[in-house]
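Undergrad: Sending over a structure as structure tokens; questions will come in a sec.
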Amino acid sequence: MELPEAFREEMKALLGDEYDEYERSFEEPRSYGLRVNTLKWSVKECQRKLPCETEQVPWVENGLFYDGEERRLSKDPYYYGGLYYLQEPSAMTPASLLPVEPGDMVLDLCGAPGGKSTELGAKLKGKGMLVANDISNSRAKALLKNLELFGVANLCVTSETPERLSGEFPEFFHKILVDAPCSGEGMFRKEPEMGKAWLEKGPDYYCEIQKGILKEAVKMLRPGGLLLYSTCTFSVKEDEDVVRWVLDEFPDMKLRPIPLFEGASDGMGLSGCLRLFPHRIRGEGHFMALLEKDGERQRHQAEDRTLKAGNRAPDGLKPERGLWEFLEKTKIPWDASRMVKKQDMVFYLPQGFEEGKRLRYLRTGLWMGTIKKGRFEPSQAMAMVLNEALYDNCISFGREDQRVIRYLKGETIALLEGEGPVSGWCLVCVDGFGLGFAKGSGMTLKNKYYPGWRWQ
């Protein structure tokens, strides 16, 4: 592979005697990985049911290697069920290292396309709030899709500058992930065209952008909170030097050392950071540093009353009988005080969500569905938080059943003897995992799968 000469010299200075081994790694095939969605199933269940051989990623608890040449796992019904995220193995590391706990207020500041946001959302286990942001509106739409596909309900997706966010969220978040835009040196093997981009915009260009993003991120971190900074580049200018800048610029920030694991390297001249190189692990490369703000950590206390406890519905939703009839078929203890109706759409807000922030939201909470002529129509996002154990009216097909593919393509589905009849809103599942809704009519399912997500 043709590497920029200036980059070669930089890496020789960085790696010394290891450089030849690093360059030989470009001749090796890349590793393919997936991250299991632990909101929906376990790693063991995933390994048992996937249609290919997998192997544990040693440094990521829910990460698996798979043979990328053997199967196209993006064309599998389980992918459409949001059961895993296809992700390069070293890129799984940042979200795995940020110790998110259920109930935290979490920000993924540069979130698209969602590889790290989906893991942060899974770690919350439905409690607290994830704000996932990307400055690009088109990329933020892809971010939203992946989060909804994963069944993350306690989310807000924004498309804002860091400056706008910091003005609305001063010292708000317990945990922040900044996977910053960078020169992408760690992606040269996976995406050879990145070498040309490096010549146009290299480390000197990106390090100033990274400092600007981190400056605003620090403003949004609560006392006692943790900020994980990561890049997919090897440049000391973009990695350790940027971390040093944060420590110098903000005296209340300190470096919390990340324990090394087999194949990982310490920071270059700044111990406590973590580096991954493709000649030392089965992955492309990453840099990470975990920073902590001085002060006592204060957890957000969110009152969580439920429908079963008899709390009152918002006035605008009281007459919507179709909504309440639908929710009664679920096994989820909904908190009616967190439901809002905006025009004809019903949303379920995350714990800790504050109204009135002047931001460009793509989504605030779970889009539950739409009120049309007094009838409630559940959304695709709602289907992705449900399964056959959480909803009373389900039809589940096996993964090998061709009707799964036909359903994902938007076709009407005929039921076999013993499967019906069905009526009303029916959750269509693959092996018990929700895919989307259909309208039951005897032995026929009228397809309501979201057109924008259909199998192509």
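Undergrad: Of the residues 219, 254, 175, which is at pLDDT 95 or above, closer than 30 Å to residue 354 by Cα, surrounded by fewer than 16 Cβ atoms within 10 Å (Cβ to Cβ) and of a type in the set (Lys, Arg)?
TA: Numbers: 219 fails: surrounded by fewer than 16 Cβ atoms within 10 Å (Cβ to Cβ); 175 fails: surrounded by fewer than 16 Cβ atoms within 10 Å (Cβ to Cβ).
Every option except 254 fails the conditions.
Undergrad: Enumerate the helices (runs of 4 or more DSSP H) found wholly within segment 36-107, keeping only those where 1 or more residues are open to solvent by 10 Å² or more (accessible area, probe 1.4 Å) and within 20 Å of residue 231 (Cβ to Cβ).
TA: Because the criterion is at least 1 residues that are open to solvent by 10 Å² or more (accessible area, probe 1.4 Å) and within 20 Å of residue 231 (Cβ to Cβ), the helices (runs of 4 or more DSSP H) in segment 36-107 that meet it are 93-97.
Undergrad: Search segment 427-441 for residues being open to solvent by less than 10 Å² (accessible area, probe 1.4 Å) and of a type in the set (A, V, I, L, M, F, W, C), and hand back the single one that is farthest from residue 455 (Cα to Cα).
TA: In this case the residue turns out to be 427.
Undergrad: Would you pick out the residues in segment 265-280 that are closer than 15 Å to residue 231 by Cα and in contact (Cβ under 8 Å) with a residue 40 or more places away in the chain?
TA: Passing the criteria: 268, 274, 275, 276, 277, 278.
Undergrad: On the phi < 0 side of the Ramachandran plot, assigned to a loop (DSSP other than H, G, I, E, B) and buried (at least 17 other Cβ atoms within 10 Å of the Cβ), is that true of residue 333?
TA: Here the answer is no, as residue 333 does not meet what is asked.
Undergrad: Which residue out of 177, 120 is touching a residue at least 40 places away in the same chain (Cβ under 8 Å), part of a strand (DSSP E or B), touching a Leu at 6+ places or on another chain (Cβ under 9 Å) and not charged (D, E, K, R)?
TA: 177
Undergrad: Could you grab me the full set of residues in segment 40-62 that are under 18 Å from the mean Cα position of the chain (by Cα) and among the hydroxyl-bearing types (Ser, Thr, Tyr)?
TA: 42
Undergrad: Checking the structure you have, find out if any residue of segment 251-273 is part of a helix (DSSP H, G or I) and either farther than 30 Å from residue 26 by Cβ or hydrophobic (A, V, I, L, M, F, W, C) (or both).
TA: For segment 251-273, residues part of a helix (DSSP H, G or I) and either farther than 30 Å from residue 26 by Cβ or hydrophobic (A, V, I, L, M, F, W, C) (or both): absent.
Undergrad: For segment 378-393, name all the residues that are outside any loop (DSSP other than H, G, I, E, B) and open to solvent by 30 Å² or more (accessible area, probe 1.4 Å).
TA: The first filter runs over segment 378-393 and keeps only residues outside any loop (DSSP other than H, G, I, E, B), leaving 378, 380-384, 387, 391.
Hit for segment 378-393 is 387, nothing else.
Undergrad: Of a type outside the set (Asp, Glu) and under 24 Å from residue 164 (Cβ atoms), is that true of residue 146?
TA: yes
Undergrad: Among the residues of segment 189-210, is there at least one that is touching a residue at least 60 places away in the same chain (Cβ under 8 Å), on the phi < 0 side of the Ramachandran plot, surrounded by 21 or more Cβ atoms within 10 Å (Cβ to Cβ) and touching a helix residue (DSSP H, G or I) at 6+ places or on another chain (Cβ under 6 Å)?
TA: No, that holds for no residue.
Undergrad: Criterion first (closer than 27 Å to residue 121 by Cβ and hydroxyl-bearing (Ser, Thr, Tyr)) does residue 205 satisfy it?
TA: So residue 205 fails the test.
Undergrad: Could you please let me know if residue 347 is aromatic (Phe, Trp, Tyr), at pLDDT 95 or above, buried (at least 17 other Cβ atoms within 10 Å of the Cβ) and not in a strand (DSSP E or B)? Show your work before the answer.
TA: On the way: aromatic (Phe, Trp, Tyr): yes; at pLDDT 95 or above: yes; buried (at least 17 other Cβ atoms within 10 Å of the Cβ): yes; not in a strand (DSSP E or B): no.
It is false that residue 347 is aromatic (Phe, Trp, Tyr), at pLDDT 95 or above, buried (at least 17 other Cβ atoms within 10 Å of the Cβ) and not in a strand (DSSP E or B).
Undergrad: For segment 224-250, which positions are part of a loop (DSSP other than H, G, I, E, B) and open to solvent by 60 Å² or more (accessible area, probe 1.4 Å)?
TA: 237
The values are calculated or read from the model by the stated rules, or taken from the named source; none is laboratory data. Just so it is clear, the model here is predicted, and its values are computed rather than measured. Here the Cβ is made from the backbone with ideal geometry for all residues, glycine too, and neighbour counts use every protein chain on show. Note: accessible area is taken over every heavy atom of the protein model, side chains too, but ligands, DNA and RNA are not part of it. Shrake-Rupley method; radii C 1.70, N 1.55, O 1.52, S 1.80 Å.
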